[in-house]
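Single-structure report; data block below.
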Amino acid sequence: PIYGWRRLTAQRTIVEEGAEDPDAIDLCREAAGSDERPLGRLHALHALAGLEALDSRTLHDALADPDPRVVRAALRAGEGVLALGGDAALVERYAGLALSADARTAHQAALSLGEARTDAADTALVELAISEAGSKRFREALLSGVGGRELAVLDALCEREAFVARSEEHTSELQ
């Protein structure tokens, strides 16, 4: 229990006092990729996000981490990077993780993907909606991620015959 408090306090201190210290950012980037403990990598990612210093390269590396907890943390921490747009490979990686065999990772990726607010992200969400139409959790994630773009995404979905056909299978859930 006390170790968790220490980790959170250290992360908070880094975020509060490390913004002007390039060494703190470099050390967090190093820890995000090489700390032997998953929780160390996880906290480093959140510290970088808090410092607004999480870059695409560090994020791409973290999304390939062998520990699913770190991958989920990277998905959440990377939402600010996604919101900046411009990294199509990152959007593609999030879309791929939304199809992960690990349900928690897939759900988080679907939730986070909406932060990109790009045509590529919306296209990926439409494709995921078609392939995952039977998943209530995914439908909820889709709706939470398209705020302000609901009609455009719905129009894109309705233009897809595969979605309309799959949706008809689930009409009882809409009543």
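Some points to look at:
- Cβ-based charge dipole, the chain, positive-most Cα from V81, A116, A62: A62
- Per-peptide packing, taken as the mean over residues of other Cβ atoms within 10 Å, places 138-146, 40-48 in the sequence 40-48, 138-146 from highest down.
- Between 0 and 90°, nearest 10: helix 119-131 axis offset from the chain longest Cα axis: 60 degrees
- Descending principal axes extents, the chain, alpha-carbon based, whole Å: 54, 33, 24
- Mean residue ellipticity at 222 nm, helices only, the chain: -22000 deg cm²/dmol; runs of at least 4 DSSP H residues each add -39,500 (n - 2.57), and the sum is divided by the number of residues.
- When only the Cβ of Lys, Arg, Asp and Glu is charged (+1, +1, -1, -1), the dipole of the stretch 50-126 relative to its Cα centre reaches about 220 debye.
- For a paramagnetic label modelled on L154 (point 7 Å from Cα along Cα→Cβ), amide N atoms under 17 Å away belong, within the stretch 125-139, to 126, 129-130, 139.
- The fraction of accessible area contributed by carbon and sulfur in the stretch 69-121 is 51 percent, rounded to a whole number (1.4 Å probe; ligands and nucleic acids excluded).
- Here the relative contact order of the chain, from alpha carbon pairs under 8 Å that lie six or more residues apart, stands at 13 percent.
- Accessible area of the stretch 1-67 belonging to carbon and sulfur atoms, whole % at 1.4 Å probe: 53 percent
- The residues of the chain expose on average 57 square angstrom of accessible surface per residue, using a 1.4 Å probe on protein heavy atoms.
The values are calculated or read from the model by the stated rules, or taken from the named source; none is laboratory data. All values derive from a computational prediction rather than experimental measurement. Here the Cβ is made from the backbone with ideal geometry for all residues, glycine too, and neighbour counts use every protein chain on show. Note: areas computed on protein heavy atoms with side chains; ligands, DNA, RNA excluded. Shrake-Rupley method; radii C 1.70, N 1.55, O 1.52, S 1.80 Å.
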